[in-house]
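In what follows, a single structure is set out as structure tokens and then discussed.
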Amino acid sequence: MKLIIKQLQETPVTYTQITDLIHQSFEERLQQGLNFTCSRMTESEFRAAMGDGTVFVALDEDSGELLGTVTISFKTDHKGRCYAYHEYLAVSPKAKHLGVASRLAEVWKVYARENGAQYVKSDTATRAESSVKWHLKNGFQIYGVKAFRSTNYVSYIFIMYLDERTKKSPTYVRLHYLYSRIRYFFSFQKRRI
């Protein structure tokens, strides 16, 4: 299978096709009992959630079939640095484990650098083992933990440094992760009381 990766507006792919692919891709998470928000979002909710983000699609070059998608949006951190947020990564169930997500990652990393991002953030459920492994295999480090109000699980927050000037030492990243776990524990206890 030969893949081509393009920005959504360069293709005939519709937002309906994107949301259908996301639903198919995240079905296994629902079966795990993980309430991923995107697994039930409508087309209009997806459009609203992606805001001014850029949607990339992976297509089978021969058939034109949609095999994967990801959205990249740009934000500014508390120090005024630009970073990219990687979300809505979805791969067709029949194309999983064929490198589609990694090929998408190659493209959005270049895109993020070209647009001034110094690092990329992402998140996924701690129990979504295949997603956690994919993040770690593709250059992300676990940076923290967080519980989102709209989900029923705890998420790892991942970070990948694109700019050597902002890259933190592995020790710093581990200490930040430990700090976030402690902070999460106390906030969880406070909510229970």
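The values are calculated or read from the model by the stated rules, or taken from the named source; none is laboratory data. The structure presented is a predicted model; accordingly, all values stated were derived computationally and were not measured. Please note: Cβ atoms are built from the backbone with ideal geometry, for glycine as well, and neighbour counts cover all protein chains shown.
Is it true that residue 6 is part of a helix (DSSP H, G or I) and not β-branched (Val, Ile, Thr)?
Answer is no for this residue.
Identify the single condition in (1) in contact with a helix residue (DSSP H, G or I) (Cβ under 9 Å, 6 or more places away or on another chain); (2) of a type in the set (Ser, Thr, Tyr); (3) under 17 Å from residue 8 (Cα atoms); (4) surrounded by fewer than 18 Cβ atoms within 10 Å (Cβ to Cβ) that residue 69 does not satisfy, given that it satisfies every other one.
With respect to (1) in contact with a helix residue (DSSP H, G or I) (Cβ under 9 Å, 6 or more places away or on another chain); (2) of a type in the set (Ser, Thr, Tyr); (3) under 17 Å from residue 8 (Cα atoms); (4) surrounded by fewer than 18 Cβ atoms within 10 Å (Cβ to Cβ), residue 69 is out only on (4).
Mind checking which residues of region 20-35 are in a helix (DSSP H, G or I), farther than 12 Å from residue 71 by Cα and either at pLDDT 95 or above or not acidic (Asp, Glu) (or both)?
Hits for region 20-35 are 20, 21, 23, 24, 25, 29, 30, 31.
What pairs come out if I take residues in region 131-151 that are closer than 23 Å to residue 27 by Cβ and pair them with residues that are in a loop (DSSP other than H, G, I, E, B) and modelled with pLDDT under 90 whose C-beta lies under 6 Å away, six or more apart or interchain?
Filtered contacts from region 131-151: 151/35.
Can you tell me which residues in region 108-128 are within 14 Å of the chain's Cα centre (by Cα) and either among the hydroxyl-bearing types (Ser, Thr, Tyr) or in a helix (DSSP H, G or I) (or both)?
Within region 108-128, 108, 109, 112, 119, 122, 124, 126 qualify.
Could you check region 76-94 and list, in sequence order, the residues that are crowded, with 20+ Cβ neighbours inside 10 Å and on the phi < 0 side of the Ramachandran plot?
Quick first cut of region 76-94, residues crowded, with 20+ Cβ neighbours inside 10 Å only: 83-84, 86, 88-91.
Scanning region 76-94 gives 83, 84, 86, 89, 90, 91.
From 114, 129, grab the single residue that is surrounded by fewer than 15 Cβ atoms within 10 Å (Cβ to Cβ), closer than 20 Å to residue 54 by Cα and out of contact with any Asp or Glu (no Cβ under 7 Å at 6 or more places or on another chain).
Sole residue among the options that is surrounded by fewer than 15 Cβ atoms within 10 Å (Cβ to Cβ), closer than 20 Å to residue 54 by Cα and out of contact with any Asp or Glu (no Cβ under 7 Å at 6 or more places or on another chain): 114.
For region 36-58, give me the residue count where each residue is within 23 Å of residue 103 (Cα to Cα), in contact with a Ser or Thr (Cβ under 6 Å, 6 or more places away or on another chain) and at pLDDT below 90.
Qualifying residue count for the region: 1.
Does region 36-44 contain at least one residue that is part of a helix (DSSP H, G or I), surrounded by 19 or more Cβ atoms within 10 Å (Cβ to Cβ), touching a helix residue (DSSP H, G or I) at 6+ places or on another chain (Cβ under 7 Å) and of a type in the set (D, E, K, R)?
no
Identify, please: which residue in region 10-19 is assigned to a helix (DSSP H, G or I) and in contact (Cβ under 8 Å) with a residue 24 or more places away in the chain and is, among those, surrounded by the fewest Cβ atoms within 10 Å (Cβ to Cβ)?
If we take residues in region 10-19 being assigned to a helix (DSSP H, G or I) and in contact (Cβ under 8 Å) with a residue 24 or more places away in the chain, then 16 is surrounded by the fewest Cβ atoms within 10 Å (Cβ to Cβ).
Pairs under 8 Å by beta carbon, first residue farther than 19 Å from residue 95 by Cα in region 25-38, partner crowded, with 20+ Cβ neighbours inside 10 Å and charged (D, E, K, R), six or more apart or different chains?
36/29
Within the group 70, 132, which residue is among the aliphatic types (A, V, I, L, M), outside any loop (DSSP other than H, G, I, E, B), out of contact with any His (no Cβ under 9 Å at 6 or more places or on another chain) and under 21 Å from residue 162 (Cβ atoms)?
Selected residue: 132, the only one of 70, 132 that is among the aliphatic types (A, V, I, L, M), outside any loop (DSSP other than H, G, I, E, B), out of contact with any His (no Cβ under 9 Å at 6 or more places or on another chain) and under 21 Å from residue 162 (Cβ atoms).
For residues in region 89-107 being of a type in the set (Lys, Arg) and not in a loop (DSSP other than H, G, I, E, B), which is nearest to residue 61 (Cα to Cα)?
Residues of region 89-107 of a type in the set (Lys, Arg): 94, 96, 103.
Now restrict to residues that are not in a loop (DSSP other than H, G, I, E, B): 94, 103.
Working: 94: 16, 103: 14 Å.
Within region 89-107, the match that is nearest to residue 61 (Cα to Cα) is 103.
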